[in-house]
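Single-structure report; data block below.
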């Protein structure tokens, strides 16, 4: 996006579409500013606390330890895998919920969002009952393939998908809902078949939502703790992701916990800030 | 079977029924006029294939597009009806050139060939310099031109123009209208213009169809509707006086008659005067109206709550007055009267 275009967009948003004269006031009044400052402080203070206590000098050594490296590697693999799986499954789920009318749709929508409000520990336990070695699906799965999900890296990924995919569904469904149907109709009248409409109109037009959904899903999977611990356990090198490693290290080595926390804060914040700039600006 | 469009569109919705017989010859432009809620949008949806018919049929160029009785239903992609949508509906993520090329690419024309032909069409609508721009960086009028080129490039069997002027300001309307006039004249298939603006309909269409509450209340050319409007709405739209003349500053010359208009213009213009804005006097009016002239009444038509008075030389117009006023002034065909209209009641469009 060029700067020129950007400024046009900003100008038109400020003035509600017309090239106008309405200016955004520079400063909120006190009755907004004071509670807003307290609210923002609530977000900022813990981060500042972390930065203040961080063992900057020993950071390289701490992060270079076997435990830290293993956790980093595992977190990277499992969060990216969870985001990719959520993308492949979540977009069709959002599509179905948004575009088709069928009995039980509200129930399904509630079900999809359930992991967002459920305590992750409960989610992990539910996963265990369903997919554990003696679980509803886990048992026949084991008999047939010998595959055991709990206490494996696969289990970590699955827990991440379970907890984070609702964010993908929500974001993409929102994007689909706000997409004006007339664009797809216009494409049809121009001779485009279903696949062409999808590939050249629908997907490019909801791309910002899909990208935002993927990033949010990834960030959520990266931070996943409760469901992972319950369903996949805390096995070093196999299921011990960064949050679990932080939890363990808090008991034994505070500096290591701080160093690992710092990594998570910086990476997550970078992703969210980048997202805000690129994809949420036009909303 | 006629070679153009031959259709009967029957649709039922909750609280609404549409039943419209619509035929358009090749090369002919029909304007479909109607108030909001008359069913114009439903007609667009039915013809373009986006909403299925409940009854009736659609034939285009001898090809059956839809017939619920036999179950024939050709999808929008295969109808070959070029639609110019309200507000353009250009793809916001594609450049003007890619928007125009879209229809060809959808028909598997190779990219290079599609782009070459799209560039030609952009040139034909005067936008070759802006081919790389996205729709959000084009003006309303430019967007509609791109939409026209996008619809025409696929060489459709029929053109469907859905309120092409509704999103435009007065100054961009004239430009788009001239362009549409040129392209409609060259277009060999039938064209349907959906509009609620009688001026655009008179200027672009060969025939008008008036739609109200889901059915056709009248069809014919502007004069036929003017003489015998079948409903108050038809009377209203056909009654609008169109005056074509040459402007110089705030003076509009029509034949050897002069009118003072509210804003300065130059060259050929089309002015519209609503019949209710014209008042009739027995003697030369004094006071503020600067436009007044003597004339003779040619014809008087009575409608439920109004009387339409047609006058002759030097500027034939229709005025609308109340039955009481007619009785009071004792008007009859042949009466010598004075007409007056305030300059501010004259709307000027560039011709």
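Bear in mind these aren't lab numbers, they're just calculated from the coordinates by the rules spelled out. Remember, predicted model here, so these are calculated numbers, not experimental data. Here the Cβ is made from the backbone with ideal geometry for all residues, glycine too, and neighbour counts use every protein chain on show.
Results, tabulated for the structure shown:
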quantity	calculated
DSSP beta bridge pairing in the stretch B:5-238, given as percent antiparallel to the nearest 5	60 percent
Angle between chain B longest axis and helix B:96-106 axis [Cα atoms, degrees, rounded to 10]	50 degrees
The stretch A:94-151 and the stretch B:157-205: distance between their alpha carbon centers, rounded to Å	56 Å
Diffusion coefficient, µm² s⁻¹, Stokes-Einstein with Kirkwood Rh over alpha-carbon pairs of the stretch B:200-249 at 4 °C and 1.567 mPa s	110 µm²/s
Distance cut-off 45 Å, percentage of C-alpha pairs in the protein assembly as shown lying past it	43 percent
Neighbour-count order for B:258, A:105, fewest beta carbons within 10 angstrom listed first	A:105, B:258
The stretch A:161-216, relative contact order in percent, only Cα pairs under 8 angstrom and at least six apart counted	58 percent
Cα centroid separation, the stretch B:24-66 to the stretch B:326-351 (Å)	38 Å
Compactness index (Cα Rg / 2.2 N^0.38 Å), the stretch A:50-171	1.34
Pairwise FRET efficiency - residue B:41 versus residue A:24, Cβ, R0 = 35 Å, nearest 0.05	0.40
Per-peptide average of other Cβ atoms within 10 Å, ordering B:25-36, B:149-160 highest first	B:149-160, B:25-36
Other protein chain Cβ atoms within 10 Å, averaged over every residue that makes up A:189-202	6
Relative contact order, percent, chain A [alpha-carbon distance under 8 Å, six or more residues apart]	27 percent
Estimated FRET transfer efficiency (residue B:178, residue B:330; beta-carbon r; R0 51 Å; 0.05)	0.70
Chain A: most fluctuating residue of A:81, A:261, A:139 per GNM, C-alpha cutoff 10 Å	A:139
Simple spin-label estimate for residue B:155 and residue B:14 in nanometres, 7 Å along Cα-Cβ	4.6 nm
For chain B, convex hull of alpha carbons as volume per residue, Å³	152 Å³
Gain in span if fully extended, residue A:180 to residue A:130, counting 0.36 nm per residue against the direct Cα distance	14.0 nm
Between 0 and 90°, nearest 10: helix B:140-152 axis offset from chain B longest Cα axis	50 degrees
Counting all C-alpha pairs of the stretch A:63-282, share separated by more than 22 Å (%)	57 percent
Ordering of A:173-183, A:68-78 by packing [mean C-beta count within 10 Å, highest first]	A:68-78, A:173-183
Residue mean of other protein chain beta carbons inside 10 Å, B:126-136	1
Degrees, to the nearest 10: B:170-186 long Cα axis against longest axis of chain B	60 degrees
Label zone at residue A:144, where the point sits 7 Å out along the Cα-to-Cβ direction: the stretch A:101-133 residues whose backbone N lies under 17 Å	A:130-133
Percentage, to the nearest whole number, of Cα pairs in the stretch B:242-350 over 24 Å apart	23 percent
Modelled FRET efficiency - R0 30 Å, residue B:268 with residue B:299, Cβ distances, 0.05 increments	0.60
For peptides A:95-104, B:293-302, sequence by mean Cβ density within 10 Å, most packed first	B:293-302, A:95-104
Over the stretch A:113-222: Rg over Rh, Cα atoms, Kirkwood Rh	1.16
Label zone at residue B:260, where the point sits 7 Å out along the Cα-to-Cβ direction: the stretch B:325-344 residues whose backbone N lies under 20 Å	B:338-344
For A:178-187, mean number of other protein chain Cβ atoms within 10 Å	5
